[in-house]
């Protein structure tokens, strides 16, 4: 029977791994870039050679991006409309640009954070090489 308990040396801290991923860095070493292009996760870290091909981020980053942007922009839209009553075209244009910019900013960062979470929790094969 295989022993699945983790010792103190093999425990991977979740918050630093997610923060490194959010910053676009390898969750293991924190130095190498995790993304090759805008949303393409590298197979291996170029610095520490950590295997990153096990990630299964799929729709999680897009879902979280929609969740965060929607919960931020919807109340802000109401506040701006009720306070200043801007012209509809001005309101639409400014919030469309803001929503798109915030979405494009958050999407790769949330993908990195999810890969960091999966690495720290040893999900989808991340812990088999130890």
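Please treat every number below as a calculation from the coordinates, not as lab data. No experiment lies behind these values; they were computed from the predicted model shown. Neighbour counts are summed over all protein chains in view; Cβ atoms, including those assigned to glycine, are modelled from backbone coordinates with ideal geometry.
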Checklist entry - Roughly how tilted is helix 60-84, in degrees to the nearest 10 and between 0 and 90, from the longest Cα axis of the chain? => result 20
Checklist entry - Could you state the principal axis extents of the C-alpha atoms in the chain, from the largest down, to the nearest angstrom? => result 67, 28, 21
Next on the checklist: Using 0.36 nm times the number of residues separating residue 89 and residue 31, minus their current alpha carbon distance, what extension gain do you get?
Outcome noted: 16.5 nm
Checklist outcome for this item: re region 55-130: pairs of Cα atoms spaced beyond 16 Å account for a percent value of 59
Checklist entry - When the helix-only estimate is applied to the chain (DSSP H runs of n ≥ 4, each -39,500 (n - 2.57), divided by the residue count), what is the mean residue ellipticity at 222 nm, nearest 500 deg cm²/dmol? => result -18000 deg cm²/dmol
Item to check | Mean shadow area of region 30-85, taken as a quarter of the surface of its Cα convex hull (nm²) | outcome: 5.7
Checklist outcome for this item: Helix 88-120 sits off the longest principal axis of the Cα atoms of the chain, rounded to the nearest 10 on a 0 to 90 degree scale, by 10
Checklist entry - How would you rank 49-56, 84-91, highest first, on the average number of other Cβ atoms within 10 Å across their residues? => result 49-56, 84-91
